[in-house]
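Q: Quick one: the structure is below, and I'll ask about it shortly.
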């Protein structure tokens, strides 16, 4: 494994160390099945199970007609959400838009 880099909040020597740095931060989570989450990361484990708070979930519904493709979005808000790790594709810090 590559040498560990020292950051302002500690060292990064394993992939989950990057997730640890995102605790109590707003994160963007991409899930299988055309779903995205944005919320505050409260907890995680070695299976990438996540506990998020103040979550906005966006679901993309693709309606394929013979001639064109229509994408509809549905948004849900949740106060607290448990995300099973086998559905997680990406965890990223929230970018400012």
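Q: Can you name the residue in region 16-53 that is buried (at least 16 other Cβ atoms within 10 Å of the Cβ) and in contact with a helix residue (DSSP H, G or I) (Cβ under 6 Å, 6 or more places away or on another chain) and, of all such residues, is nearest to residue 73 (Cα to Cα)?
A: Only one residue fits best here, namely 31.
Q: Just for strands (runs of 3 or more DSSP E) wholly inside the chain: which have at least 2 residues that are modelled with pLDDT under 95?
A: So the answer is 5-7, 10-12, 50-64, 69-83, 88-93.
The values are calculated or read from the model by the stated rules, or taken from the named source; none is laboratory data. For clarity, every value in this text was computed on a predicted model and none was experimentally measured. Cβ: placed from backbone, ideal geometry, glycine included. Neighbour counts: every protein chain shown.
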